[in-house]
Amino acid sequence: MDIETELLYTSRMILAAVIGGLIGLERERHASDAGIRTFMAISMGSCAFSLISVHVGGDPTRIAAQIVTGIGFIGAGVIFQDKGGVAGLTTAATLWATAAVGMASAFGMYVLAIVTGGLILATLALHHLPGWKRLREKNGKQDHPE
């Protein structure tokens, strides 16, 4: 592999790490079980697997499908029943979406990776809008800190 390709792959990995870290930082600030290290690892891992699949010349869709399945398995591990409700769904969904950020970065879809990361953060911020807690209580839902 030539140095230009290695630097290109490295820049893609750094982008995945930064976006995954920002998402993880937001989750850690709000006391989620999965924080900065978990989200960075998910984003970087999916990026690395995608880069490897591109580099070896195989079918990248096969690796992508396995990443989606594997992250789904990890996400299932963070979902649990709590006081008559389910907790961890937001964390699981965010882990899954963060894997997509890593894959987009690996495939050179920089704008998609950045926009997806931004939209994930914006989605997580909805929970902190004024009146959110009141709306959830009105609909009979408990507010989980995840």
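Output the residue which, of all residues in region 51-97 that are of a type in the set (S, T, Y) and under 30 Å from A31 (Cα atoms), is surrounded by the fewest Cβ atoms within 10 Å (Cβ to Cβ).
Among those that are of a type in the set (S, T, Y) and under 30 Å from A31 (Cα atoms), it is T69.
Could we say that M1 is assigned to a loop (DSSP other than H, G, I, E, B) and touching a helix residue (DSSP H, G or I) at 6+ places or on another chain (Cβ under 9 Å) here?
Against the criterion (assigned to a loop (DSSP other than H, G, I, E, B) and touching a helix residue (DSSP H, G or I) at 6+ places or on another chain (Cβ under 9 Å)), M1 qualifies.
Go through region 16-43 and count every residue that is crowded, with 22+ Cβ neighbours inside 10 Å, of a type in the set (A, V, I, L, M, F, W, C) and closer than 21 Å to Y110 by Cβ.
Number satisfying all stated conditions: 6.
Within region 109-126, is there a residue that is assigned to a helix (DSSP H, G or I), surrounded by fewer than 19 Cβ atoms within 10 Å (Cβ to Cβ), at pLDDT below 90 and out of contact with any strand residue (DSSP E or B) (no Cβ under 9 Å at 6 or more places or on another chain)?
There is at least one residue in region 109-126 that is assigned to a helix (DSSP H, G or I), surrounded by fewer than 19 Cβ atoms within 10 Å (Cβ to Cβ), at pLDDT below 90 and out of contact with any strand residue (DSSP E or B) (no Cβ under 9 Å at 6 or more places or on another chain).
Considering every residue within region 43-62, establish whether at least one is closer than 24 Å to L126 by Cβ, in a helix (DSSP H, G or I), at pLDDT 95 or above and within 16 Å of the chain's Cα centre (by Cα).
Yes, the conditions are met somewhere in region 43-62.
Among the residues of region 25-42, count how many are in contact (Cβ under 8 Å) with a residue 40 or more places away in the chain, assigned to a helix (DSSP H, G or I) and either farther than 24 Å from V115 by Cα or of a type outside the set (F, W, Y) (or both). Steps first, answer last, please.
Going residue by residue through region 25-42, those that are in contact (Cβ under 8 Å) with a residue 40 or more places away in the chain are 26-27, 30-34, 38-39, 42.
From what is left, the residues that are assigned to a helix (DSSP H, G or I) are 26-27, 38-39, 42.
Pick out the ones that are also either farther than 24 Å from V115 by Cα or of a type outside the set (F, W, Y) (or both) and you get 26-27, 38, 42.
Within region 25-42, residues that are in contact (Cβ under 8 Å) with a residue 40 or more places away in the chain, assigned to a helix (DSSP H, G or I) and either farther than 24 Å from V115 by Cα or of a type outside the set (F, W, Y) (or both) number 4.
Test each condition in (1) on the phi > 0 side of the Ramachandran plot; (2) in contact with an Asp or Glu (Cβ under 9 Å, 6 or more places away or on another chain) for L89 and report the one that comes out false.
Going through the list (1) on the phi > 0 side of the Ramachandran plot; (2) in contact with an Asp or Glu (Cβ under 9 Å, 6 or more places away or on another chain), L89 breaks only (1).
The values are calculated or read from the model by the stated rules, or taken from the named source; none is laboratory data. Please read these numbers as outputs of a predicted model, since none were measured by experiment. No Cβ is skipped: glycine too gets one built from the backbone with ideal geometry, and neighbour counts run over all protein chains shown.
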